[in-house]
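What follows draws every value from the coordinates through simple rules; no lab data is involved. From a predicted model like this one, the values you see are computed outputs, not experimental measurements. Methodologically, a virtual Cβ is constructed for each residue, glycine included, from the backbone with ideal geometry; neighbour enumeration extends over all protein chains shown.
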Amino acid sequence: MVVLIGINWKLALASFTVIPFVILASFRFSGQARDAFRTLRIKVAEINSSIAETIGGIKVIQLLGKENENYDRFEKLNHENYIAGMKQIRVLAVFMPLIELLGSVAVALVIFYGGISVLDEKVTLGALVAFISYVKMFFRPVRDIADKYNILQNAMSSAERIFIILDTNDTKDARAGESESFISSTDQLKFDKIKSVEFRNVSFSYVPGEEVLSNISFDLKAGEKVAIVGPTGTGKTTLLNLLTGFYEPSSGQILINGTGMKKIPPSFLRSKMAIVMQDSFLFSGTVRENIARGKSGITDKDMDHIMDASNCREIIERLSQGLDTVLSEGGRSISSGERQLISIARAFARDPEIIMLDEATSYIDSETERQIENALKNLMEGRTSIIVAHRLTTAQRADRVIVLNKGRLIESGTHEELMKIRGFYYRLNNI
């Protein structure tokens, strides 16, 4: 730009007249480009999700005879992806040639105005030729910047989806700068042992206006075993998600040793918890690695104790390589009962103070169920335990039973006390 002005400032001004149009076009098409890229990314994600779902559930699809229906669904998604791709191409097909056109207009203006100046002997022919060369050199990086700008819009549309996840995860850990900050490391000493957990007027909704839990209040003392029972969809598992900090209450609060959970770092609190879900998830890798994920630095002696306490020594020794047997993704290479036992072993390795169980004894044979029940009994011994009971026989062994219905706590007491009052819990037992 400086060179152009130095050669002939009048010709430079003539060539610069197109720059505002380049800037205007960039801003004009940036929003359209990002929308097009965003839509395309969403459609690609939907196709990938559909393919993964189809491959994972291919047996069910074939048994239900839904191959054609599934194919039609994929065709529809693929067509939507094609439409989104064509929209993106149309935006680029207009924007990039427009930038090229503006660059050519700049050269044409220089030739027109410079030609007149040459005829009037105000500019030499050599200076005009040199100026035209410099103008072309000037607009080459402008075209490159325009191209990179489109790449940036593509990257930004992808980054938006990533930042949605990152921002969600950061909301809890970013509280240090807010008015309600985390407790200090010194104050964390009071949580060396978790003596009490209290749900105080807790309400929660996944969708605004549709409460899953409403005004729930109860407490747990150290070492107490509490069973949560109720019909499907009453928010039993949601209680566990709130206690682990995966979600925050819409209103009310959860207190640990009398301190609100919002003031306790999630990583610190989770280090004192273990959860065994009904559908236990295992990672690809060896059995040893899966158990050791519960806690680092586990010795062979510790591993022997864990296998005995969790009743999984027998099933591990049956595997071809024992602890060094490599499991497939999700642990699908072993049975659901074996996955649950290894999941319990992983919880043992963590040596938690709070145990959360989501009825981990469903849909398995009686012998494996007995092994799991004994393992869970060992795991809960001396630990605060919350059991989401899908079968009422589990609730009978708890110190206290909490009954939920339609998101509300309607009854609380021991199994015997609730059976005597012949209320909702009594009716559940007699269905």
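Modelled spin-label separation between GLU314 and ALA159, with each label point placed 7 Å from Cα along the Cα-to-Cβ direction: 5.7 nm. Computed from the C-beta positions of ASP304 and LYS195 and an R0 of 35 Å, the FRET efficiency is 0.65 to the nearest 0.05. Each of SER205, LEU327, GLY245 was scored by the projection of its Cα onto the charge dipole of the stretch 187-429, and the greatest displacement toward the positive side belongs to SER205; charges sit on the C-beta of Lys, Arg, Asp and Glu.
Rounding to the nearest 10 and keeping the result within 0 to 90°, find how far the Cα-based axis of helix 67-119 lies from the longest principal axis of the chain. So the inclination is approximately 30 degrees.
Using Cβ point charges alone (K and R +1, D and E -1), the dipole size of the chain about the Cα centre works out to roughly 800 debye. Within the stretch 187-429, the proportion of Cα pairs with more than 27 Å between them is 38 percent. A helix-only calculation puts the chain at -18500 deg cm²/dmol for mean residue ellipticity at 222 nm, using -39500 (n - 2.57) for each DSSP H run of at least four residues, averaged over all residues. With a simple spin-label model that places each label point 7 Å from the Cα along the Cα-to-Cβ direction, the separation between ARG397 and ASP35 comes to 6.0 nm.
A convex hull fitted around the alpha carbon atoms of the stretch 299-431 yields 134 Å³ per residue.
Calculate the all-directions average of the projected area of the stretch 239-297's alpha-carbon convex hull, and give it in nm². For the stretch 239-297, averaging the hull's shadow over all directions gives 5.5 nm².
For the pair the stretch 57-98 / the stretch 254-269, the C-alpha centres are spaced 46 Å from each other. Taking the chain as a Gaussian network, where each spring joins two C-alpha atoms under 10 Å apart, which residue of ILE19, ILE354, ILE334 fluctuates the most? Taking springs between Cα atoms under 10 Å, the residue moving most is ILE19. Partners of LYS193 within straight-line reach, counting lysines whose Cα lies under 27 Å from its Cα and excluding those fewer than 8 residues away in the same chain: LYS172, LYS221, LYS225, LYS236, LYS262, LYS263, LYS272, LYS295, LYS301, LYS377. Distance between the C-alpha centres of the stretch 110-133 and the stretch 287-356: 82 Å, rounded to the whole angstrom. Residue ranges 249-257, 338-346 sort as 338-346, 249-257 when ordered by packing (mean number of other C-beta atoms within 10 Å per residue, highest first).
Sorted largest first, the spans of the alpha carbon positions of the stretch 358-412 along the three principal axes are 35, 27, 15 Å. Sequence-distant contacts, meaning Cα pairs under 8 Å at least 6 residues apart, place the relative contact order of the chain at 15 percent. List the residues of the stretch 24-52 whose backbone N lies under 14 Å from a point placed 7 Å from the Cα of GLU75 along the Cα-to-Cβ direction. The answer is none, because no backbone nitrogen lies closer than 14 Å to the label point. Using the Cβ-Cβ distance between SER50 and THR232 with R0 set to 25 Å, the FRET efficiency works out to roughly 0.35. Once volume of the Cα convex hull per residue in Å³ is calculated for the structure shown, the corresponding label among [x] 167; [y] 154; [z] 241 turns out to be [z].
The relative contact order of the stretch 187-429, computed from alpha carbon pairs under 8 Å that lie at least 6 residues apart in sequence, is 27 percent.
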